[in-house]
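Undergrad: The structure is given below, and queries will be raised subsequently.
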Amino acid sequence: MAEDLVERIVSLCKQRGFVYPSSEIYGGLNAVYDFGPLGVRLRRNIRNRWWRSMVELRDDVDGIETSVLMNPEVWAASGHVQSFTDPLVDCTGACRKRWREDHLAAERTARGKAPDAPGCPECGGPLTAARQFNLMFKTFIGPVEDSAAQIWLRPETAQGMFVNFANVVNSTRRRLPFGIAQQGKAFRNEISPGNFIFRLREFELMEMEYFCKPGSDRELHDYWCQERWRWHTEEMGVRAGNLRLRAHEKHELSHYSTATSDIEYSYPFGWGELEGIADRTDYDLRTHAEHSGRDLSFFDAQTNERFTPFVIEPAVGLERIFITLLVDAYDEEAVRGETRVVLRLHPDVAPVQVAVLPLSKRAELTEPAHRIDHELRAVFATEYDETQSIGRRYRRQDEIGTPLAVTVDFDTLQDDAVTIRERDSMEQVRVPLANLTPALKDQLDASRRRAVARATGSS
Ligand code: ATP
């Protein structure tokens, strides 16, 4: 299954309304995607769980939102104009593909070739020497398209937080260590995007800059590596056995970092970065202070010292989590001679938590089912579905990862009770309507415990 798992997920996403190619009726746009009704629910769950854990539940982090378009001086100062580049090589043989030089070995391995084989990973043809290609998208501000009007679409959200450092300190009176977090769109003109939504040209970043005293950065880097690992497993339900923490070699480090560790996931196409946790030192604040002439140091009133804080940055792409959740949750099992596809999603990330299904389309069932759905909606993420046979509707809910389904049948009219069906075991229990909400809450709690046990390997 591993080889074509991505294709199966792509088609499930299209069919069920998670992900569509962008502007598909015009042939799409490479490495840009749209998100359908279920995709949007999943995105919001990912985004909200990140925000809850990184901002709302913490004493030491504030959230901000900064603009996509910024003064171009920002990107000159940050080093992005100079150094936010990837080494590009072209195949001059049969296939004429473009590659990232630092990805050649992995691309060869993915095609069953020796990592150090000479030539193009695809066709074996000759490759050009590498040239540096800047990943930032250019655009123009105002009516005149000259160099004075040229600006960039942000390739990371981090700079918006660095240039607002003094604003945030002044308005919150924070003491170190503290963090500034933000979620928002980022754009990178990737040389070789692909693997569905793994590497996109437009994506959403979720980043947190954790400012600290120089010297405390290594310890805090370790802390954030552990904390983010805990989040991916215990709060998102990703199986720890499919993850690894990998420290960057010196030559891999970004221009601003002295230490970076990636949380990597074992995707069907090989190990890939899920999240990066970087020690950015005082590089960004120092360089912005130099270029802007503004004071971006911090005065520690307890020790009477003034210094430029160091910063630890956990940075993760929302769509990277999205594809990881789908790959990790996707399962196929034989049930009564048929293949059942199940997304074993954590119940708090699942786009639908409770499906409400009347057994038939007759009004005597659809009316109470609608009423039940409306009541449950206040507490759970629900979906009402009266199309097709009940068996097919259960299969659909399994495919989209819905942990629980409530079925309203003709007996309901007599006994004021409904059936709750659980996704993983397919077990059904009859519950009085008066007790439905607490019964669903209990079952979701059990489902949460199972998801954590599955993710941490303790089941
Ligand atoms: P790479 O070397 O793989 O291009 P990077 O190390 O430059 O990536 P970071 O700048 O560390 O990537 O990005 C932080 C996070 O943002 C990544 O861990 C990933 O989750 C996400 N991300 C980065 N680039 C993309 C992209 N093109 N599409 C989707 N998500 C991305």
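The values are calculated or read from the model by the stated rules, or taken from the named source; none is laboratory data. Please read these numbers as outputs of a predicted model, since none were measured by experiment. Please note: Cβ atoms are built from the backbone with ideal geometry, for glycine as well, and neighbour counts cover all protein chains shown. For the accessible areas, the whole protein counts, side chains as well, though only heavy atoms, and no ligand, DNA or RNA atoms are used. Shrake-Rupley method; radii C 1.70, N 1.55, O 1.52, S 1.80 Å.
Undergrad: I need the Kirkwood Rh of the range 264-373: take the reciprocal of the average 1/r across all distinct C-alpha pairs and report it in angstrom.
TA: One decimal place: 19.9 Å for the Kirkwood radius.
Undergrad: Counting DSSP beta bridges with both partners in the range 344-456, what percentage is antiparallel, nearest 5?
TA: Bridges in the range 344-456 that DSSP calls antiparallel: roughly 55 percent.
Undergrad: In addition: At 1.4 Å probe radius, can you tell me the per residue accessible area of the range 344-456 in Å²?
TA: Heavy-atom accessible area per residue stands at 44 Å².
Undergrad: For the range 187-314, max minus min Cα coordinate along each principal axis, in Å, sorted largest first?
TA: Principal-axis extents of the Cα atoms in the range 187-314, largest first: 52, 33, 26 Å.
Undergrad: Sticking with this one: Looking at the P(r) of the chain, how many percent of alpha-carbon pairs lie beyond 36 Å?
TA: 38 percent
Undergrad: Straight-line reach from LYS113: which lysines have a Cα under 29 Å away, not including same-chain ones fewer than 8 places off?
TA: Within the straight-line limit of under 29 Å, LYS113 reaches these lysines: LYS97, LYS250.
Undergrad: Using protein chains only and a probe of 1.4 angstrom, how many square angstrom of CYS225 are accessible, to the nearest 10?
TA: Probe radius 1.4 Å; accessible area of CYS225 about 10 Å².
Undergrad: Go ahead and estimate [θ] at 222 nm for the chain from helices alone: -39,500 (n - 2.57) per DSSP H run with n ≥ 4, summed, over the residue count, rounded to 500.
TA: So the calculated ellipticity at 222 nm is -9000 deg cm²/dmol.
Undergrad: Mind ordering 231-239, 18-26 by average Cβ neighbours within 10 Å, highest first?
TA: Result, highest mean Cβ count within 10 Å first: 231-239, 18-26.
Undergrad: So what's the gap between the Cα centers of the range 182-197 and the range 70-95, to the nearest angstrom?
TA: Rounded to whole Å, the Cα centres lie 14 Å apart.
Undergrad: Could the peptides 438-449, 38-49, 365-376 be put in order, highest first, of the mean number of other beta-carbon atoms found within 10 Å of their residues?
TA: Top to bottom by mean Cβ count within 10 Å: 38-49, 365-376, 438-449.
Undergrad: Shifting gears a bit: Leaving out ligands, DNA and RNA, what percent of the accessible area of the chain is carbon and sulfur, probe 1.4 Å?
TA: Answer for the chain: carbon and sulfur cover 48 percent of the accessible area.
Undergrad: Which helices of the chain meet both criteria: a Cα extent of 27 Å or more along the helical axis and a mean Kyte-Doolittle score no lower than -1.0, with helices taken as whole DSSP H segments?
TA: TM-like helix candidates: 436-456.
Undergrad: Something else about it: Which Cys in the chain stand alone, with every other cysteine's Cβ at 4.7 Å or more from theirs?
TA: Cys with no partner Cβ under 4.7 Å: CYS13, CYS212, CYS225.
Undergrad: Something else about it: Ratio of Rg to Rh for the range 308-459, alpha carbon only, Kirkwood? Please report the intermediate quantities before stating the final value.
TA: On the way: Rg = 17.7 Å, Rh = 16.7 Å.
So for the range 308-459, dividing Rg by the Kirkwood Rh gives 1.06.
Undergrad: Express in nm, to one decimal, how much length is gained between THR303 and ASN435 on full extension, taking 0.36 nm for each residue of separation and deducting their alpha carbon distance.
TA: That works out to 41.7 nm of additional length.
Undergrad: Just grab the label-to-label distance for GLN15 and GLN132, each label 7 Å out from Cα along the Cβ direction, in nm (one decimal).
TA: Roughly 4.8 nm, to one decimal.
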